[in-house]
Amino acid sequence: MSQTAVYLHGSAVAEGLRRHSDVDLLAVMEGSLSASARRDLAADLMAVYGRYPFDREGRRPLEVIVFRSADLVRLPYPARAEFVYGEWLRGAFEGGAVPDGETTPEFTLVLAQAREQAVPLFGPAVTERVPDIPFPDICRAIGDLLPDLVAGAEGDERNVLLTLARMWATISTGRFLSKAAAADWAAPQLTNQAAGALLCAKRSYPGQGSFDVSVWHAELGLAVEEMRQRIMSML
């Protein structure tokens, strides 16, 4: 099948867009992108999509991941993307960097979740372009991503807590829950202190309330460690 396809995935379909949510798009294409095509595509995206976390024109930021059909047919681990665009890359692109292909376990999880939830904007149903990701690969990706996630908790506490809850829920249930739903699933299984920190993170995500790290300092470390241990015990 030689058909390009574009899918909406992420929070827009999992739980609905919130105040600071970005728009996640996944595309599948034939062939490869030349360096000039990558440069032009990045420039076009920067010109029309919003800056994070605030855009003067009220536009939302965008995350775009493009996969080649050939890479999806072979389904390597970890998955490879032909092109990635996100606001965290804007500075590099504005400095003249040319976006290149990338391989990471995170893309394995993106593909698995997209196959379960994504909505086609152009092209056939997502199950016709994105293959079924074996559950052992999903677990392997979570295990590979876990150390760096935990190590980067300081300064990104809210996101790390909610991501750990999602990882734990995915390994336990075989499903991809929204961050809010994963927090509600995980909290009753944690100690009261850890559950309190996790639910506070949920209530403040994204941009709907304050999350004072100084107030929850001790509980944050406890929540991270409890969920890390639960995930490790299942890998």
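With a 10 Å radius around each residue's Cβ, average the other Cβ atoms per peptide and rank 117-128, 71-82, highest first. Show your work: numbers first, answer last.
On the way: 117-128: 15.0, 71-82: 16.8.
Peptide ranking by packing, descending: 71-82, 117-128.
Taking other residues whose beta carbon is less than 12 angstrom from the beta carbon of V126, and scoring Lys, Arg as +1 and Asp, Glu as -1, yields -1. P(r) for the chain, from all Cα pairs and a bin width of 5 Å, is 1, 6, 13, 16, 18, 17, 14, 8, 4, 1, 0 %, short bins first. The mean sequence separation of alpha-carbon pairs under 8 Å and at least six residues apart, normalised by the residue count of the chain, gives a relative contact order of 18 percent. Among beta bridges identified by DSSP and lying wholly in the range 6-152, the antiparallel ones come to about 65 percent.
Can you sort K179, K202 by 1.4 Å-probe accessible area, starting with the largest?
On the way: K179 30, K202 55 Å².
Most to least solvent-accessible, the answer reads K202, K179.
Which residue, G174, G58, G143, has the most motion in a Gaussian network model of the chain that connects Cα atoms within less than 10 Å? In the Gaussian network model the winner is G58.
The values are calculated or read from the model by the stated rules, or taken from the named source; none is laboratory data. All of these numbers come straight from a predicted model, not from anything done at the bench. Methodologically, a virtual Cβ is constructed for each residue, glycine included, from the backbone with ideal geometry; neighbour enumeration extends over all protein chains shown. Just so you know, the surface numbers come from the protein's heavy atoms only, side chains and all, with ligands and any DNA or RNA stripped out. Shrake-Rupley method; radii C 1.70, N 1.55, O 1.52, S 1.80 Å.
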